[in-house]
Every structure is written in C-alpha cells, then in structure tokens.
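What follows is a single structure, written as structure tokens, with notes after it.
The values are calculated or read from the model by the stated rules, or taken from the named source; none is laboratory data. Everything numeric in this text was worked out from a predicted model, so none of it was measured. As a convention, Cβ positions derive from the backbone with ideal geometry for all residues, glycine included, and neighbour counts pool all protein chains shown. With ligands, DNA and RNA removed, areas are computed over all heavy atoms of the protein, side chains included. Shrake-Rupley method; radii C 1.70, N 1.55, O 1.52, S 1.80 Å.
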Amino acid sequence: STKLIDKSLVYKNDSYRALKILGSKNAEFDYIFMDPPYNKDLVLSALEIINKENLLKKEGKIIIEHELKLEMPNEYLDFIKIDSRKYGDTFVSFYSKEEV
C-alpha cells in the first residue's frame, strides 16, 4: 500500500543477523526504529551492532521503545540520548550520533 516495494528489502532473520547483513552491504539509515521484546536485554547489544556496522547516518536518529524499568544511558558508544518520553508503562528514547 505504500508503493515502496521497489525501494524495500525484507529480511526474515534474527535481528542481529539482519543488522550485520545490512552492515556488510554498507547500508546507512536516517532513522532506525527499535521495539525489541521487553525484559530480554536486547537494546544495548543491538546498539553495539548498529555502531560497529556504522548503520546510522551522521544526522540520523534511533528511536527505541522500551520498558520503564530499563534505564537508558545518556551516552552509549557513539550515540547520545537527545530525548526520552513516557507513554503509559512504556518509554521511548531518542538517540543521535555523537559529534566527533
């Protein structure tokens, strides 16, 4: 319905493996949306792969939906938290690349 099928890639894969595949293809994104299963400690390891594979463009943003009890760091690797919002029992944290 978006008429973007020719501009899309679908990977039926484990998310970590998909991130590594995208890195091997030198993919870069303006926005990366993350909504991992809660209470599985997946967020920081996904950020590590995104950082290692250089998947976020210089002015890009990462938007992460996560549980309230997960305290997200203000800085992690090359990313800085630029905003955080509470929606009911959910938090959404926003990160961008740290300027070097």
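Work out from phi, with θ = phi - 60° and the Karplus expression 6.51 cos²θ - 1.76 cosθ + 1.60, the ³J(HN,Hα) of each residue of the stretch 86-97, listed in order in whole Hz, and give x for Gly and Pro.
9, 10, x, 9, 10, 10, 10, 10, 10, 10, 9, 6
With every protein chain kept in place and ligands, DNA and RNA left out, what is the accessible area per residue of the chain? Probe 1.4 Å, answer in Å².
Working: 7270 Å² over 100 residues.
That works out to 73 Å² for each residue.
Give the residue from T2, L44, S96 lying farthest towards the positive end of the charge dipole for the chain; charges sit on Cβ (+1 for Lys and Arg, -1 for Asp and Glu) and the dipole is referred to the Cα centre.
Toward the positive end, the furthest listed residue is T2.
With runs of 4+ DSSP H residues as the only contributors, calculate the mean residue ellipticity of the chain at 222 nm using -39,500 (n - 2.57) per run, divided by the residue total and rounded to the nearest 500. Could the numbers behind the result be given before it?
Values: 2 runs with 20 residues, N = 100.
So the helix-based figure for the chain works out to -6000 deg cm²/dmol.
Tell me which residues come under 5 Å, amide H to amide H, from L56 once H is placed; ignore anything under 5 positions away on its chain.
Amide H neighbours of L56, under 5 Å, 5+ apart: F29.
Within 10 Å of each candidate Cβ there may be at most 16 other Cβ atoms; applying that plus a DSSP loop requirement, which GluC sites (Glu not before Pro) in the stretch 1-90 survive?
Values: sites: E28, E48, E53, E59, E65, E67, E71, E75; in loops: E28, E53, E71.
Filter output for the stretch 1-90: E28, E71.
Of the heavy-atom accessible surface of the stretch 14-100 (probe 1.4 angstrom), what whole percent is carbon and sulfur? Working shown, then result.
Details: 2770 of 5660 Å².
Roughly 49 percent, rounded to a whole number.
Amide H neighbours of K61 under 5 Å, counting only residues 5+ apart in sequence or on other chains, H built in-plane at 1.01 Å?
Hits under the 5 Å cutoff: Y31, I32.
Exactly which trypsin sites (Lys or Arg not before Pro) in the stretch 1-78 are in a DSSP loop and have at most 13 other Cβ atoms within 10 Å?
Values: sites: K3, K7, K12, R17, K20, K25, K40, K52, K57, K58, K61, K69; in loops: K3, K12, K25, K40, K69.
Answer in residue order: K3, K12, K25, K40, K69.
Calculate one ³J(HN,Hα) per residue across the stretch 59-65 by plugging θ = phi - 60° into the Karplus curve 6.51 cos²θ - 1.76 cosθ + 1.60, and present them in order as whole Hz with x for glycine and proline.
My calculation for the stretch 59-65 gives 9, x, 10, 10, 10, 10, 8 Hz in order.
Quick one: what do you get for the stretch 44-100 if you divide its Cα Rg by 2.2 N^0.38 Å?
Details: Rg = 11.3 Å, N = 57, 2.2 N^0.38 = 10.2 Å.
The value comes to 1.10.
For the cross-link pairs K12/K52; K12/K97; K3/K52; K3/K81; K3/K61; K40/K61, which exceed 30 Å when the distance is taken from alpha carbon to alpha carbon?
Numbers: K12/K52 22 Å; K12/K97 28 Å; K3/K52 32 Å; K3/K81 33 Å; K3/K61 24 Å; K40/K61 23 Å.
The pairs that break the limit, which is 30 Å between Cα atoms, are K3/K52; K3/K81.
Compute the semi-axes of the equivalent ellipsoid of the chain, taking the square root of 5 times each eigenvalue of the Cα gyration tensor, and list them largest first in whole Å. Before the final figure, lay out the partial values.
Details: eigenvalues 99, 56, 39 Å².
Listed largest to smallest, the semi-axes of the chain are 22, 17, 14 Å.
Counting other Cβ atoms within 10 Å, which chymotrypsin sites (Phe, Trp or Tyr not before Pro) in the chain have at most 12 and lie in a DSSP loop? Don't skip to the end; give the middle numbers.
On the way: sites: Y11, Y16, F29, Y31, F33, Y38, Y76, F79, Y87, F91, F94, Y95; in loops: Y11, Y38.
Within the chain, the qualifying chymotrypsin sites (Phe, Trp or Tyr not before Pro) (loop, at most 12 other Cβ atoms within 10 Å) are Y11.
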